[in-house]
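Here the structure is laid out as structure tokens; the discussion comes afterwards.
The values are calculated or read from the model by the stated rules, or taken from the named source; none is laboratory data. The structure displayed is predicted, hence computed values, not measured ones. Cβ coordinates were reconstructed from backbone atoms using ideal geometry, including for glycine residues, and neighbour counts include every protein chain displayed.
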Amino acid sequence: MSELAAYFEAQPQRELDEVLRQHALLVKRIACHLKGRLPFGVGLDDLIQVGMIGLMEAWRHFDPAQGASFETYAGIRIRGAMLDEVRRNNWAPRSVQRRSRDLMHAIAELEQRLKREANDVEIAQHLGIALEEYHHLLQDIQGQRLLSLDDETIAGGDGDGYPLPDSEPGPEHYFTQQDRQAAVSDAIHSLSERDQLVLSLYYAEEMNLREIGAVLGVSESRVCQIHTQALLRLRERLETCDV
């Protein structure tokens, strides 16, 4: 093989190495952000490893003619790869899903009776368990996708993050989406200021649990508990609206 041929054969590898170097922090940032929403047993290193594979796949399939930036496209593929890995490993058993729904309805029932947001002690007493056991329960269910928003943000129709030309949704789709967005907005505004702040910092500002804890002056584990409770309340309100 000539030196020139060897150079051109090695060129794609050089490009890939540069992509991995430049976007390693993007993979870690997405992994850290998802970690707070996933079950306790999901390791950060596992997410990062899978995310790096997603980054390589993004590099292979990226088409600048589609109009999206590489970082936007790569972020979708990285996040999708991580969520696919979690689903493959079935991190949330049915027992956890059942407890999540039971807790959601128990909190709603108690707060309807109290006509206000219940605190942790009141919820634990309502459930007939110790406060520490209640906090363990929140930890067990924290990683569930309490809102089915993840699948909607992953790649489009062809799996590469771009919508197919013949899959353009009709007007009724946008009407449904507008209704859903309005319902979610109303449900969020019905939460306490603390819950709204935590959700805003986590989802809009993309801060991790530790950073939010620093803002609120509480521990990371306490932010995790508040975040899980906020999602349970939000999900119950959306179910009431049939969204």
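See the values below:
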quantity	calculated
Matching residues, segment 112-126, being touching a residue at least 12 places away in the same chain (Cβ under 8 Å) and closer than 13 Å to Leu232 by Cβ	Glu117, Asp120, Ile123
Pair list, Cβ < 7 Å and 6+ apart or interchain, from segment 193-213 residues that are modelled with pLDDT of 85 or more to residues that are surrounded by 19 or more Cβ atoms within 10 Å (Cβ to Cβ) and charged (D, E, K, R)	Asp195/Arg233
Criterion: in contact with a Phe, Trp or Tyr (Cβ under 9 Å, 6 or more places away or on another chain), modelled with pLDDT of 90 or more and surrounded by 15 or more Cβ atoms within 10 Å (Cβ to Cβ) - qualifying residue of Ala124, Ala108, Ala118	Ala124
All positions within segment 86-100 that are part of a helix (DSSP H, G or I), surrounded by 18 or more Cβ atoms within 10 Å (Cβ to Cβ) and at pLDDT below 80	Val86
Residue within segment 159-181 that is hydrophobic (A, V, I, L, M, F, W, C), more than 30 Å from Asp63 (Cα to Cα) and at pLDDT 50 or above present	no
Residue tally, condition modelled with pLDDT under 60 and either in contact with a helix residue (DSSP H, G or I) (Cβ under 8 Å, 6 or more places away or on another chain) or assigned to a loop (DSSP other than H, G, I, E, B) (or both), over segment 1-46	2
